[in-house]
Amino acid sequence: MLPHQLLNYSPQDPQAIEATIPSSAYIHIPFCRRRCYYCDFPVFVVGDRKTGSNSGTIQQYVEVLCQEIEITPAGGHPLATIFFGGGTPSLLSVQQLVQVIEVLRRRFGIASDAEISIEIDPGTFDLQQLQGYRDAGVNRISMGVQAFQDDLLQVCGRSHTVSDIWESVALIRQVEVPNFSLDLISGLPHQTLQQWEESLETAVKIAPTHLSIYDLIVESVTAFGRQYQPGTKPLPTDETAAAMYRTAQQILTAAGYEHYEVSNYAKPGYQCRHNRVYWENRPYYAFGMGAASYIQGCRFTRPRKTREYYEWVQHLIDAEGILECSAIPDEEVLLETLMLGLRLSEGICLSGLKKKFGEAVVERIWKCLQPYYQQGWVEIVGGDTKYLEGYLKLTDPEGFLFSNTVLATLFSQFQED
Ligand code: SF4
(Lines give C-alpha, C1' and ligand atoms only; values in the text may rest on other atoms or scores of the structure.)
Protein backbone atom coordinates (compact mmCIF):
# COMPACT_ATOMS: atom_id res chain seq x y z
CA MET A 1 0.00 0.00 0.00
CA LEU A 2 1.29 3.44 -0.90
CA PRO A 3 0.21 6.63 0.76
CA HIS A 4 -1.83 8.65 -1.74
CA GLN A 5 0.28 11.73 -1.41
CA LEU A 6 3.11 13.40 -3.21
CA LEU A 7 6.01 13.16 -0.82
CA ASN A 8 7.95 9.96 -1.21
CA TYR A 9 9.57 9.98 -4.66
CA SER A 10 13.03 8.69 -5.37
CA PRO A 11 15.17 11.82 -5.96
CA GLN A 12 17.28 9.85 -8.48
CA ASP A 13 14.48 9.68 -11.00
CA PRO A 14 13.33 13.21 -11.82
CA GLN A 15 11.53 12.09 -15.00
CA ALA A 16 9.48 9.55 -13.09
CA ILE A 17 8.64 12.19 -10.51
CA GLU A 18 7.56 14.61 -13.20
CA ALA A 19 5.34 12.01 -14.83
CA THR A 20 3.37 11.32 -11.67
CA ILE A 21 2.64 14.87 -10.51
CA PRO A 22 -0.86 15.94 -11.56
CA SER A 23 -1.53 19.31 -13.10
CA SER A 24 -5.19 18.61 -13.80
CA ALA A 25 -8.22 18.45 -11.54
CA TYR A 26 -11.68 17.01 -12.07
CA ILE A 27 -14.45 18.39 -9.84
CA HIS A 28 -17.67 16.39 -9.62
CA ILE A 29 -20.91 18.35 -9.09
CA PRO A 30 -23.49 15.62 -8.54
CA PHE A 31 -26.75 17.57 -8.83
CA CYS A 32 -29.34 17.33 -11.61
CA ARG A 33 -32.89 18.60 -12.01
CA ARG A 34 -34.02 15.06 -12.81
CA ARG A 35 -32.35 11.79 -13.69
CA CYS A 36 -32.18 11.03 -17.41
CA TYR A 37 -33.36 7.51 -18.21
CA TYR A 38 -29.99 6.36 -19.55
CA CYS A 39 -27.79 7.81 -16.80
CA ASP A 40 -25.92 5.76 -14.20
CA PHE A 41 -23.66 8.58 -12.94
CA PRO A 42 -23.47 9.38 -9.24
CA VAL A 43 -26.05 12.18 -9.21
CA PHE A 44 -28.56 13.60 -6.77
CA VAL A 45 -31.85 15.08 -7.95
CA VAL A 46 -32.45 18.55 -6.49
CA GLY A 47 -35.70 19.57 -8.15
CA ASP A 48 -36.70 21.75 -11.02
CA ARG A 49 -35.04 25.05 -10.23
CA LYS A 50 -33.97 27.15 -13.19
CA THR A 51 -31.17 29.41 -12.04
CA GLY A 52 -29.96 31.59 -9.20
CA SER A 53 -30.64 30.58 -5.63
CA ASN A 54 -30.10 26.93 -4.95
CA SER A 55 -30.77 24.75 -2.02
CA GLY A 56 -28.73 24.35 1.15
CA THR A 57 -27.95 20.84 -0.13
CA ILE A 58 -25.70 22.25 -2.86
CA GLN A 59 -24.00 24.72 -0.51
CA GLN A 60 -23.35 21.97 2.03
CA TYR A 61 -21.79 19.84 -0.72
CA VAL A 62 -19.59 22.74 -1.88
CA GLU A 63 -18.33 23.19 1.68
CA VAL A 64 -17.35 19.52 1.98
CA LEU A 65 -15.82 19.52 -1.50
CA CYS A 66 -13.67 22.52 -0.54
CA GLN A 67 -12.57 20.70 2.63
CA GLU A 68 -11.46 17.76 0.51
CA ILE A 69 -9.46 20.05 -1.77
CA GLU A 70 -7.89 21.88 1.19
CA ILE A 71 -6.65 18.67 2.81
CA THR A 72 -5.20 17.10 -0.36
CA PRO A 73 -1.39 17.36 -0.55
CA ALA A 74 -0.23 19.55 -3.44
CA GLY A 75 2.36 18.20 -5.86
CA GLY A 76 4.07 21.42 -6.87
CA HIS A 77 2.63 22.06 -10.35
CA PRO A 78 -0.02 24.73 -10.84
CA LEU A 79 -3.19 23.35 -12.43
CA ALA A 80 -3.13 23.49 -16.22
CA THR A 81 -6.66 22.10 -16.61
CA ILE A 82 -9.74 22.09 -14.38
CA PHE A 83 -12.96 20.35 -15.35
CA PHE A 84 -16.30 20.84 -13.58
CA GLY A 85 -18.32 17.78 -14.58
CA GLY A 86 -21.49 16.20 -13.37
CA GLY A 87 -24.24 16.02 -12.83
CA THR A 88 -25.16 19.51 -13.90
CA PRO A 89 -22.44 21.92 -12.72
CA SER A 90 -24.49 24.85 -14.07
CA LEU A 91 -26.71 24.37 -11.00
CA LEU A 92 -23.83 26.02 -9.09
CA SER A 93 -24.27 29.72 -8.45
CA VAL A 94 -21.42 31.98 -9.56
CA GLN A 95 -20.43 32.42 -5.89
CA GLN A 96 -20.20 28.66 -5.40
CA LEU A 97 -18.09 28.20 -8.52
CA VAL A 98 -15.79 31.03 -7.44
CA GLN A 99 -15.51 29.47 -3.96
CA VAL A 100 -14.25 26.18 -5.44
CA ILE A 101 -11.89 27.86 -7.93
CA GLU A 102 -10.38 29.99 -5.18
CA VAL A 103 -9.73 26.98 -2.96
CA LEU A 104 -8.05 25.21 -5.90
CA ARG A 105 -5.94 28.32 -6.53
CA ARG A 106 -4.84 28.56 -2.90
CA ARG A 107 -4.05 24.85 -2.69
CA PHE A 108 -2.40 24.10 -6.03
CA GLY A 109 -2.10 27.36 -7.97
CA ILE A 110 -3.70 27.77 -11.41
CA ALA A 111 -1.57 28.38 -14.52
CA SER A 112 -2.29 31.67 -16.28
CA ASP A 113 -3.26 29.81 -19.48
CA ALA A 114 -5.20 27.05 -17.72
CA GLU A 115 -8.17 25.48 -19.48
CA ILE A 116 -11.18 25.70 -17.15
CA SER A 117 -14.19 23.74 -18.43
CA ILE A 118 -17.71 23.46 -17.13
CA GLU A 119 -20.53 21.18 -18.24
CA ILE A 120 -23.85 22.95 -18.55
CA ASP A 121 -27.38 21.86 -19.40
CA PRO A 122 -29.84 23.90 -21.48
CA GLY A 123 -32.29 25.87 -19.37
CA THR A 124 -30.21 25.88 -16.18
CA PHE A 125 -28.47 29.26 -16.50
CA ASP A 126 -29.01 32.86 -17.50
CA LEU A 127 -26.75 35.48 -19.06
CA GLN A 128 -25.56 36.89 -15.75
CA GLN A 129 -24.57 33.45 -14.54
CA LEU A 130 -22.58 32.67 -17.71
CA GLN A 131 -20.83 36.03 -17.50
CA GLY A 132 -20.00 35.26 -13.87
CA TYR A 133 -18.54 31.88 -14.83
CA ARG A 134 -16.47 33.50 -17.57
CA ASP A 135 -15.22 36.21 -15.22
CA ALA A 136 -14.24 33.50 -12.73
CA GLY A 137 -11.91 32.05 -15.39
CA VAL A 138 -14.10 29.52 -17.23
CA ASN A 139 -12.95 29.43 -20.85
CA ARG A 140 -14.54 26.22 -22.07
CA ILE A 141 -18.24 25.36 -21.93
CA SER A 142 -19.66 21.97 -22.79
CA MET A 143 -23.43 21.77 -23.23
CA GLY A 144 -25.36 18.51 -23.11
CA VAL A 145 -27.82 18.87 -25.98
CA GLN A 146 -28.17 15.16 -26.91
CA ALA A 147 -30.79 15.61 -29.68
CA PHE A 148 -32.62 18.34 -31.59
CA GLN A 149 -36.04 16.62 -31.51
CA ASP A 150 -38.43 17.18 -28.61
CA ASP A 151 -39.85 13.66 -28.83
CA LEU A 152 -36.38 12.13 -28.45
CA LEU A 153 -35.51 14.45 -25.55
CA GLN A 154 -38.70 13.31 -23.87
CA VAL A 155 -37.97 9.64 -24.52
CA CYS A 156 -34.62 10.12 -22.71
CA GLY A 157 -36.14 11.93 -19.73
CA ARG A 158 -34.09 15.06 -20.42
CA SER A 159 -35.14 18.11 -18.42
CA HIS A 160 -35.00 20.52 -21.38
CA THR A 161 -36.67 21.12 -24.74
CA VAL A 162 -35.30 22.09 -28.15
CA SER A 163 -36.38 25.68 -27.55
CA ASP A 164 -34.30 25.68 -24.32
CA ILE A 165 -31.31 24.61 -26.45
CA TRP A 166 -31.74 27.57 -28.80
CA GLU A 167 -32.12 30.03 -25.94
CA SER A 168 -28.99 28.63 -24.29
CA VAL A 169 -27.00 28.80 -27.54
CA ALA A 170 -27.95 32.48 -27.88
CA LEU A 171 -26.68 33.17 -24.35
CA ILE A 172 -23.41 31.32 -24.96
CA ARG A 173 -22.86 33.36 -28.13
CA GLN A 174 -23.34 36.59 -26.22
CA VAL A 175 -20.77 35.62 -23.60
CA GLU A 176 -18.12 34.63 -26.20
CA VAL A 177 -16.43 31.86 -24.25
CA PRO A 178 -13.41 30.80 -26.38
CA ASN A 179 -14.12 27.06 -26.54
CA PHE A 180 -17.69 25.81 -26.78
CA SER A 181 -18.67 22.17 -27.11
CA LEU A 182 -21.96 20.36 -27.70
CA ASP A 183 -22.78 16.74 -26.78
CA LEU A 184 -25.05 14.58 -28.93
CA ILE A 185 -26.16 10.96 -28.42
CA SER A 186 -26.81 8.42 -31.17
CA GLY A 187 -28.60 5.10 -30.83
CA LEU A 188 -31.54 6.45 -28.79
CA PRO A 189 -34.85 4.54 -28.67
CA HIS A 190 -37.02 5.42 -31.72
CA GLN A 191 -34.20 7.55 -33.21
CA THR A 192 -33.98 7.24 -36.99
CA LEU A 193 -30.90 7.73 -39.14
CA GLN A 194 -32.63 10.75 -40.68
CA GLN A 195 -33.18 12.35 -37.25
CA TRP A 196 -29.54 11.70 -36.42
CA GLU A 197 -28.39 13.43 -39.61
CA GLU A 198 -30.69 16.33 -38.81
CA SER A 199 -29.14 16.67 -35.31
CA LEU A 200 -25.61 16.60 -36.73
CA GLU A 201 -26.42 19.16 -39.39
CA THR A 202 -28.10 21.44 -36.88
CA ALA A 203 -25.04 21.18 -34.62
CA VAL A 204 -22.77 22.06 -37.56
CA LYS A 205 -24.90 25.16 -38.24
CA ILE A 206 -24.48 26.28 -34.63
CA ALA A 207 -20.71 25.95 -35.28
CA PRO A 208 -19.34 25.05 -31.83
CA THR A 209 -15.55 24.68 -31.63
CA HIS A 210 -15.92 21.11 -30.32
CA LEU A 211 -18.43 18.25 -30.47
CA SER A 212 -18.73 15.07 -28.40
CA ILE A 213 -20.71 12.29 -30.04
CA TYR A 214 -21.72 9.42 -27.81
CA ASP A 215 -23.29 6.14 -28.76
CA LEU A 216 -25.97 5.20 -26.21
CA ILE A 217 -24.86 2.50 -23.79
CA VAL A 218 -27.77 0.79 -22.08
CA GLU A 219 -26.63 0.17 -18.51
CA SER A 220 -28.63 -2.44 -16.61
CA VAL A 221 -29.12 -0.22 -13.52
CA THR A 222 -30.86 2.58 -15.46
CA ALA A 223 -34.51 3.04 -16.47
CA PHE A 224 -33.46 2.21 -20.05
CA GLY A 225 -31.73 -0.94 -18.82
CA ARG A 226 -34.96 -2.12 -17.24
CA GLN A 227 -36.97 -1.24 -20.34
CA TYR A 228 -34.84 -2.10 -23.36
CA GLN A 229 -32.63 -4.84 -24.74
CA PRO A 230 -29.58 -3.55 -26.71
CA GLY A 231 -29.94 -4.18 -30.45
CA THR A 232 -33.72 -4.73 -30.31
CA LYS A 233 -36.61 -2.37 -31.04
CA PRO A 234 -37.20 0.47 -30.37
CA LEU A 235 -33.40 0.76 -30.09
CA PRO A 236 -31.63 0.88 -33.45
CA THR A 237 -30.11 -2.36 -34.74
CA ASP A 238 -26.33 -2.76 -34.54
CA GLU A 239 -26.15 -1.98 -38.29
CA THR A 240 -28.08 1.28 -37.86
CA ALA A 241 -25.95 2.23 -34.84
CA ALA A 242 -22.81 1.64 -36.96
CA ALA A 243 -24.31 3.69 -39.80
CA MET A 244 -24.92 6.52 -37.32
CA TYR A 245 -21.26 6.46 -36.26
CA ARG A 246 -20.07 6.57 -39.89
CA THR A 247 -22.54 9.36 -40.71
CA ALA A 248 -21.22 11.49 -37.85
CA GLN A 249 -17.66 10.96 -39.05
CA GLN A 250 -18.58 11.98 -42.62
CA ILE A 251 -20.67 15.04 -41.77
CA LEU A 252 -18.35 16.43 -39.10
CA THR A 253 -15.03 15.90 -40.88
CA ALA A 254 -16.55 17.44 -44.03
CA ALA A 255 -17.48 20.45 -41.88
CA GLY A 256 -13.84 20.93 -40.82
CA TYR A 257 -13.81 19.10 -37.47
CA GLU A 258 -10.85 16.84 -36.66
CA HIS A 259 -11.94 13.44 -35.42
CA TYR A 260 -9.27 13.40 -32.72
CA GLU A 261 -10.74 10.77 -30.42
CA VAL A 262 -13.26 7.92 -30.80
CA SER A 263 -16.15 10.14 -29.61
CA ASN A 264 -14.73 13.65 -29.99
CA TYR A 265 -14.34 16.18 -32.78
CA ALA A 266 -12.71 19.60 -32.66
CA LYS A 267 -11.90 22.52 -34.89
CA PRO A 268 -8.08 22.80 -35.18
CA GLY A 269 -6.65 24.07 -31.88
CA TYR A 270 -9.78 23.30 -29.82
CA GLN A 271 -9.23 19.77 -28.52
CA CYS A 272 -10.14 19.31 -24.87
CA ARG A 273 -6.82 19.50 -23.02
CA HIS A 274 -8.32 18.08 -19.85
CA ASN A 275 -9.74 14.96 -21.45
CA ARG A 276 -6.45 14.33 -23.24
CA VAL A 277 -4.89 13.85 -19.80
CA TYR A 278 -7.16 10.81 -19.32
CA TRP A 279 -6.48 9.36 -22.76
CA GLU A 280 -2.74 9.81 -22.38
CA ASN A 281 -2.98 8.02 -19.03
CA ARG A 282 -1.45 10.96 -17.18
CA PRO A 283 -2.17 11.69 -13.49
CA TYR A 284 -4.97 13.93 -12.24
CA TYR A 285 -6.65 14.97 -9.04
CA ALA A 286 -10.35 14.37 -8.65
CA PHE A 287 -12.64 15.79 -6.01
CA GLY A 288 -16.22 15.12 -5.07
CA MET A 289 -18.72 12.33 -4.72
CA GLY A 290 -17.93 9.33 -6.92
CA ALA A 291 -14.92 11.06 -8.54
CA ALA A 292 -11.90 8.90 -9.44
CA SER A 293 -8.37 10.31 -9.12
CA TYR A 294 -5.11 8.94 -10.53
CA ILE A 295 -2.12 9.99 -8.47
CA GLN A 296 1.23 8.33 -8.03
CA GLY A 297 0.13 5.22 -9.89
CA CYS A 298 -3.02 4.77 -7.74
CA ARG A 299 -6.59 5.06 -8.91
CA PHE A 300 -9.05 5.88 -6.19
CA THR A 301 -12.83 6.25 -6.49
CA ARG A 302 -14.65 8.25 -3.84
CA PRO A 303 -17.96 7.00 -2.36
CA ARG A 304 -20.94 7.41 -4.71
CA LYS A 305 -23.48 8.33 -2.03
CA THR A 306 -23.62 11.76 -0.40
CA ARG A 307 -23.56 10.73 3.25
CA GLU A 308 -20.77 8.21 2.68
CA TYR A 309 -18.77 10.79 0.78
CA TYR A 310 -19.15 13.31 3.63
CA GLU A 311 -18.00 10.69 6.15
CA TRP A 312 -15.08 9.78 3.92
CA VAL A 313 -13.94 13.44 3.73
CA GLN A 314 -14.09 13.58 7.54
CA HIS A 315 -11.84 10.48 7.70
CA LEU A 316 -9.47 12.11 5.23
CA ILE A 317 -9.28 15.19 7.43
CA ASP A 318 -8.61 12.97 10.47
CA ALA A 319 -5.84 11.24 8.48
CA GLU A 320 -4.37 14.65 7.49
CA GLY A 321 -5.00 14.01 3.81
CA ILE A 322 -3.16 10.70 3.61
CA LEU A 323 -5.16 8.18 1.66
CA GLU A 324 -4.14 4.54 1.54
CA CYS A 325 -4.44 2.97 -1.88
CA SER A 326 -2.57 0.37 -3.94
CA ALA A 327 -0.52 1.21 -7.02
CA ILE A 328 -1.84 -0.39 -10.20
CA PRO A 329 0.23 -3.43 -11.30
CA ASP A 330 2.29 -3.02 -14.50
CA GLU A 331 0.12 -5.38 -16.58
CA GLU A 332 -2.91 -3.25 -15.81
CA VAL A 333 -1.02 -0.06 -16.63
CA LEU A 334 -0.20 -1.60 -20.01
CA LEU A 335 -3.83 -2.48 -20.72
CA GLU A 336 -5.01 0.94 -19.59
CA THR A 337 -2.39 2.61 -21.80
CA LEU A 338 -3.64 0.62 -24.80
CA MET A 339 -7.32 1.07 -24.01
CA LEU A 340 -7.01 4.84 -23.55
CA GLY A 341 -4.28 5.62 -26.09
CA LEU A 342 -5.99 3.79 -28.95
CA ARG A 343 -8.97 6.11 -28.50
CA LEU A 344 -6.82 8.96 -29.87
CA SER A 345 -6.51 9.45 -33.62
CA GLU A 346 -2.72 9.67 -33.44
CA GLY A 347 -2.62 6.39 -31.50
CA ILE A 348 0.22 5.25 -29.26
CA CYS A 349 3.93 5.95 -29.70
CA LEU A 350 5.59 2.56 -30.12
CA SER A 351 9.03 3.66 -28.94
CA GLY A 352 7.45 5.05 -25.76
CA LEU A 353 5.64 1.76 -25.30
CA LYS A 354 8.89 -0.21 -25.81
CA LYS A 355 10.72 1.97 -23.32
CA LYS A 356 8.06 1.48 -20.70
CA PHE A 357 7.07 -2.15 -21.19
CA GLY A 358 9.87 -3.72 -23.27
CA GLU A 359 10.27 -4.73 -26.93
CA ALA A 360 8.88 -8.22 -26.41
CA VAL A 361 5.57 -6.80 -25.18
CA VAL A 362 5.26 -4.56 -28.25
CA GLU A 363 6.00 -7.52 -30.54
CA ARG A 364 3.31 -9.52 -28.80
CA ILE A 365 0.79 -6.71 -29.18
CA TRP A 366 1.52 -6.47 -32.89
CA LYS A 367 1.24 -10.22 -33.38
CA CYS A 368 -2.08 -10.25 -31.61
CA LEU A 369 -3.36 -7.41 -33.81
CA GLN A 370 -2.46 -9.09 -37.11
CA PRO A 371 -6.05 -10.08 -38.06
CA TYR A 372 -7.17 -6.48 -37.52
CA TYR A 373 -4.21 -5.11 -39.47
CA GLN A 374 -5.22 -7.36 -42.40
CA GLN A 375 -8.81 -6.17 -42.01
CA GLY A 376 -7.76 -2.50 -42.10
CA TRP A 377 -8.82 -1.64 -38.55
CA VAL A 378 -5.32 -0.98 -37.16
CA GLU A 379 -2.24 0.53 -38.75
CA ILE A 380 1.20 1.89 -37.97
CA VAL A 381 1.93 5.40 -39.21
CA GLY A 382 5.13 7.46 -39.19
CA GLY A 383 7.30 4.34 -38.93
CA ASP A 384 7.21 0.78 -40.12
CA THR A 385 5.63 -2.52 -39.32
CA LYS A 386 8.94 -4.43 -39.57
CA TYR A 387 10.78 -2.55 -36.82
CA LEU A 388 7.61 -1.55 -34.99
CA GLU A 389 8.38 2.14 -35.00
CA GLY A 390 6.02 5.09 -35.30
CA TYR A 391 2.47 5.20 -33.95
CA LEU A 392 0.07 2.30 -33.54
CA LYS A 393 -3.46 3.50 -34.24
CA LEU A 394 -6.99 2.51 -35.09
CA THR A 395 -8.26 3.58 -38.50
CA ASP A 396 -11.10 6.07 -38.82
CA PRO A 397 -13.96 5.26 -38.92
CA GLU A 398 -13.76 1.44 -39.15
CA GLY A 399 -11.08 0.84 -36.51
CA PHE A 400 -12.72 3.31 -34.12
CA LEU A 401 -16.08 1.69 -34.72
CA PHE A 402 -14.77 -1.76 -33.82
CA SER A 403 -12.41 -0.60 -31.08
CA ASN A 404 -14.18 -2.77 -28.50
CA THR A 405 -13.48 -5.90 -30.53
CA VAL A 406 -9.81 -4.96 -30.96
CA LEU A 407 -9.41 -4.17 -27.26
CA ALA A 408 -11.21 -7.33 -26.16
CA THR A 409 -8.63 -9.37 -28.12
CA LEU A 410 -5.73 -7.50 -26.51
CA PHE A 411 -7.25 -7.89 -23.06
CA SER A 412 -7.83 -11.62 -23.40
CA GLN A 413 -4.26 -12.05 -24.69
CA PHE A 414 -2.60 -10.12 -21.86
CA GLN A 415 -4.93 -11.10 -19.05
CA GLU A 416 -4.13 -14.78 -19.62
CA ASP A 417 -0.65 -14.15 -18.15
S1 SF4 B 1 -28.11 15.65 -16.87
FE2 SF4 B 1 -26.33 14.33 -17.28
S3 SF4 B 1 -25.58 13.67 -15.28
FE4 SF4 B 1 -27.66 14.52 -14.98
S5 SF4 B 1 -28.97 12.73 -15.04
FE6 SF4 B 1 -28.89 13.58 -17.12
S7 SF4 B 1 -27.20 12.48 -18.12
FE8 SF4 B 1 -27.01 12.13 -15.92
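Here are the numbers for this structure:
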read-out	value
Order of exposure, largest accessible area first, which applies to M339, M143 with probe 1.4 Å	M339, M143
Estimated 222 nm signal from helices in the chain, with DSSP H stretches of n ≥ 4 weighted -39500 (n - 2.57), rounded to 500	-12500 deg cm²/dmol
Violating pairs (Cα-Cα greater than 22 angstrom) within the set K354/K393; K354/K386; K205/K393	K205/K393
Extension reserve of the K367-A223 stretch, reckoned as 0.36 nm per residue once the Cα distance is removed	47.7 nm
Solvent accessible area, Å² - V94, 1.4 Å probe, full protein context	40 Å²
Dipole magnitude of the chain, debye to nearest 20 (Cβ charges: Lys/Arg +1, Asp/Glu -1, about Cα centre)	500 debye
Sites matching GluC sites (Glu not before Pro) across the range 373-417 that sit in DSSP coil, with at most 13 neighbouring C-beta atoms within 10 Å	E416
Largest-first principal axis extents, alpha carbons of the range 319-417, Å	53, 27, 26
Column: log10 I(q)/I(0), Debye, Cα scatterers of the range 55-168, q = 0.09, 0.16 Å⁻¹	-0.28, -0.79
Leading residue at positive end of dipole, the chain (Cβ point charges), from T124, C39, S263	T124
Size of electric dipole in the range 73-170: Cβ of Lys, Arg +1 and of Asp, Glu -1, about Cα centre, debye, nearest 20	500 debye
Residues in the range 348-371 that a label on Q413 would reach, taking backbone N under 13 Å of a point 7 Å out along Cα→Cβ	360-371
Per DSSP, loop trypsin sites (Lys or Arg not before Pro) in the range 359-417 with at most 15 further Cβ within 10 Å	K386
Globularity ratio of the chain, using Cα Rg and 2.2 N^0.38 Å	1.00
Rh (Kirkwood; distinct C-alpha pairs) - the range 170-257, Å	14.2 Å
Area of C349 that stays accessible when all protein chains are in place (1.4 Å probe, Å², to 10)	40 Å²
Extension gain (nm, one decimal) between F41 and L127, 0.36 nm per residue minus Cα-Cα	28.2 nm
Net length gained if the chain between E336 and E201 were fully extended (0.36 nm per residue, minus Cα distance)	45.2 nm
For the range 113-252, accessible area per residue (1.4 Å probe, heavy atoms of protein chains only), Å²	41 Å²
Residues D151 and R282, FRET efficiency given R0 of 25 Å [Cβ-Cβ distance, rounded to 0.05]	0.05
The range 101-253, accessible surface, carbon-and-sulfur percent (1.4 angstrom probe)	47 percent
For the chain, built as a Gaussian network whose Cα springs stay under 10 Å, the top-fluctuating residue of Q296, Q227, Q191	Q227
Cα-Cα pairs of the range 290-349 separated by more than 18 Å (percent)	51 percent
Most mobile listed residue (L79, L127, L401) in the chain, GNM with C-alpha springs under 10 Å	L127
Selection from L401, F414, W366, by position along the positive dipole direction of the range 303-417 (Cβ)	L401
Top of E261, E239, E176 by mean-square fluctuation, Gaussian network on the chain, Cα under 10 Å	E239
Two-site label geometry, A319 and D384: point separation in nm, points 7 Å out along Cα→Cβ	5.2 nm
Taking all pairs of distinct alpha-carbon atoms in the range 243-375, Kirkwood radius in angstrom	17.9 Å
Approximate shape of the range 359-417 as ellipsoid semi-axes (Cα gyration tensor, √5λ), whole Å, largest first	17, 17, 8
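The values are calculated or read from the model by the stated rules, or taken from the named source; none is laboratory data. Owing to the predicted nature of the structure, the values given are computational and were not obtained by experimental measurement. Every residue, glycine as well, gets a Cβ built from its backbone with ideal geometry; the counts of neighbours run over all protein chains shown. The area values use the complete protein model at the heavy-atom level, side chains included, leaving out ligands, DNA and RNA. Shrake-Rupley method; radii C 1.70, N 1.55, O 1.52, S 1.80 Å.
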